[in-house]
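No lab work stands behind these numbers, since they all come straight from the coordinates. Treat the numbers as computed from the prediction; the structure is a model and nothing was measured. Don't worry about glycine lacking a Cβ; one is built from the backbone with ideal geometry, like all the others, and counts go over all protein chains shown.
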Amino acid sequence: MVAPRLIIVLIATILVLATSISAKDYVVGDDSGWTLDFDYQTWAKDKVFFVGDNLVFNYASGSHNVVKVNGTGFQQCIVSSTNEVLTSGRDVIPLKTPGRKWYICGVGKHCESRNMKLVITVLPNTKDTTLIPIATSGSTKLAVYGFIIALFVSRLLLFV
Ligand SMILES: [Cu+2]
């Protein structure tokens, strides 16, 4: 019958739509990773970060670290005792809230002298709210086509 196959196609379409607009992983510094003397402001400039995306900091564990600081900590390269320090070498930071986010390396003078500092602005997740109308309009269209095909096939079957 057509109906079960239609349902499978429908589910597959929704899954494809959902994954194509889901969270993005941004590898900070791309292939260079989290390292000395990289221009992270230029790296971040042409990117739009949304809540639900992830920042991935890649570096040799022990050589650097990642500290989420506030604006003052960013400007003055100060790590306070309340700041969480990530040291795994592959630190994934989920962007959970909108607003400005500041990250620095807390090792030596990497922040002051070697530019290991990143500031980004995270936008509210508008993708979640667009997901529903896109999925709905897509599946409605599909259901209409499916219905027409089902009608056509059932008519064909009558003549066989
Ligand atoms: Cu460092």
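Taking first residues from the stretch 29-51 that are on the phi > 0 side of the Ramachandran plot and surrounded by fewer than 18 Cβ atoms within 10 Å (Cβ to Cβ) and partners that are hydroxyl-bearing (S, T, Y) and part of a loop (DSSP other than H, G, I, E, B), the Cβ contacts under 7 Å between residues at least 6 apart in sequence or on separate chains come to G33/Y59. Scanning the stretch 62-71 for residues that are within 14 Å of the ligand (Cβ to nearest atom) and either assigned to a loop (DSSP other than H, G, I, E, B) or farther than 14 Å from C111 by Cα (or both) yields G62, S63, N65.
Residues in the stretch 33-71 that are over 22 Å from the mean Cα position of the chain (by Cα), farther than 20 Å from T121 by Cα and not aliphatic (A, V, I, L, M): D37, S61, G62, S63, H64.
Taking every residue in the stretch 103-115 that is free of Cβ contacts under 8 Å to residues at least 40 places away in the same chain and pairing it with any residue that is part of a loop (DSSP other than H, G, I, E, B) and within 7 Å of the ligand (Cβ to nearest atom), at least 6 positions away or on another chain, the pairs with Cβ-Cβ distances below 6 Å are C111/C105. Screening the candidates F57, F74 for the property of being within 16 Å of the ligand (Cβ to nearest atom), outside any helix (DSSP H, G or I) and crowded, with 17+ Cβ neighbours inside 10 Å yields one hit, F57.
The set of residues in the stretch 104-124 that are within 11 Å of the ligand (Cβ to nearest atom) and part of a strand (DSSP E or B) comprises I104, K117. Taking the criterion of being farther than 16 Å from T35 by Cα and surrounded by fewer than 16 Cβ atoms within 10 Å (Cβ to Cβ), the residues of the stretch 93-128 that qualify are P94, K96, T97, P98, G99, R100, T121, L123, P124, T126, D128.
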